[in-house]
Amino acid sequence: PPPPNPDVMREPMDRNDVIPSSAAPTATSHSLVSQVMSEAHKEQLADVPRRLTISAQVLKHSLRAHVADVRFGRRVVGLTPIESAAGGVQVHLDNGHVEWGDIVVGADGLASTIRHLVYPNLPEAHTSRTQNMTQIDGFTEVGEFPEVLGDTPCEIWGHRKTVQYLPVSDTKHMKGGSNVVGFSCTLFDNPQELSALGPDDQLDPDAYRHVAAREFEDFGPEIQRILKNATVVKPTELIQVPLMRHWHHRRAVLLGDAAHGSFPSALAQDTSLCVEDAALLATAVVNIPLGNDRGYEYAMRSYEKARRLRIEGYIQQSIVARDWARTKHTGIRNALMRMTPPPLVSLGQRWLFNWSYRGDMLHYDLYADDDHIFEARDSSRK
């Protein structure tokens, strides 16, 4: 067995502790009953409810309640595979400590450290600076939501710029009677003061507030009031993660924006895709056939196979939505949008919102050569 980790202390189990049924694969034989149980178990683990909104506070509380050891303020500087029968990986931290685990999951966002360690030779990612665009995010306290905009999230398109309007109604009791509106302003053509900034330069919040209010003056008085009275204003660096042949290498695997992050679009499903990734990866790892490198390789490839087509389809649709939002021919775009019946728009997005999981998605042929599939898709994008 691998050596114990001296930095992790585990309390002995007592009479109130239980071992979850997901700690071992359900299918222990090739019998029909065992396979049916395994299939039902996989579908239950990967059941991600649709149309569910979770506040950040509830999500953090849920994670803290189910994760025994959460550490902040540390940065991963290296990964070392453990060469033994059981295998594993050592994680080197910036304070000199070394942690051990079965796998490392890189869920650390667009500027992923784990992605850089696993694939150090990836092409340089496109950023908002290289694309001459800027996104300014912020929050504004309001007494009541604007009558014109209401309490429903929406995205407003202008000429080479967009605003996402995000009402947060569940904070009214926390703000002394005030609701909170979040906003995200995207400029596809930087104004002069932003284009002149260096790679590490930033303006002060008041300057970004002034830029947002000025550039979106033609979006109406309600948007103007929200931008001018913003209590929090900051720029957000956007990153387009390069297309990768695989999202995993040995005992390290990527999910969410770390694996397939892209520039934001009106589809706005990036967080949902991350939750789906996590559910499918957890299901694949729980049901590994062998607790060694080959078993984990099977689990990670199964997870990637189940997710790759959906993710790449979403990225392609995001590019189309972004091109519509930033087109210079706004008159033609607006006329076509008005002529398109809403049911037709919903029908065109059914593939995205009605996705469901099947257990056979996690069945993978280790002898299949899928590299040529990647190369074909990659060449079709050029």
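The values are calculated or read from the model by the stated rules, or taken from the named source; none is laboratory data. On a predicted model such as this, the values are computed, not experimentally measured, just so you know. Glycine gets a Cβ as well: all are built from the backbone with ideal geometry, and neighbour counts include every protein chain shown. Surface areas here come from the heavy atoms of the whole protein model, side chains and all, with no ligands, DNA or RNA. Shrake-Rupley method; radii C 1.70, N 1.55, O 1.52, S 1.80 Å.
Farther than 30 Å from residue 350 by Cβ and among the polar types (S, T, N, Q): is that true of residue 287 in this structure? Answer is no for this residue. Select from the stretch 313-323 the residues that are surrounded by 16 or more Cβ atoms within 10 Å (Cβ to Cβ) and of a type outside the set (A, V, I, L, M) and write down the one among them that is farthest from the chain's Cα centre (by Cα). If we take residues in the stretch 313-323 being surrounded by 16 or more Cβ atoms within 10 Å (Cβ to Cβ) and of a type outside the set (A, V, I, L, M), then 322 is farthest from the chain's Cα centre (by Cα). Of the residues contained in the stretch 303-311, one or more are found to be of a type outside the set (Lys, Arg) and open to solvent by 30 Å² or more (accessible area, probe 1.4 Å). Among the residues of the stretch 133-155, at least one is of a type in the set (Phe, Trp, Tyr), assigned to a loop (DSSP other than H, G, I, E, B) and more than 23 Å from the chain's Cα centre (by Cα). Restricting attention to the stretch 121-145, the residues that are under 15 Å from residue 261 (Cβ atoms), open to solvent by 40 Å² or more (accessible area, probe 1.4 Å) and modelled with pLDDT under 85 total 1. Cβ-Cβ distances below 7 Å connect the following pairs, each with a first residue in the stretch 324-338 that is open to solvent by less than 90 Å² (accessible area, probe 1.4 Å), a second residue that is part of a helix (DSSP H, G or I) and not aromatic (Phe, Trp, Tyr), and a separation of six or more residues or different chains: 327/333. Of the residues making up the stretch 326-357, those that are hydrophobic (A, V, I, L, M, F, W, C) and either under 11 Å from residue 267 (Cβ atoms) or not in a helix (DSSP H, G or I) (or both) are 352, 353, 355. Residues in the stretch 208-239 that are among the small types (Gly, Ala, Ser) and either at positive phi or touching a strand residue (DSSP E or B) at 6+ places or on another chain (Cβ under 8 Å) (or both): 212, 220, 230. Among the criteria (1) touching a residue at least 24 places away in the same chain (Cβ under 8 Å); (2) not in a strand (DSSP E or B), the one residue 105 does not fulfil is (2).
In the set (1) in a helix (DSSP H, G or I); (2) free of Cβ contacts under 8 Å to residues at least 40 places away in the same chain; (3) closer than 29 Å to residue 245 by Cβ, the condition left unmet by residue 114 is number (2).
The listed residues are 140, 130, and the only one of them that is among the polar types (S, T, N, Q) and touching a Lys or Arg at 6+ places or on another chain (Cβ under 9 Å) turns out to be 140.
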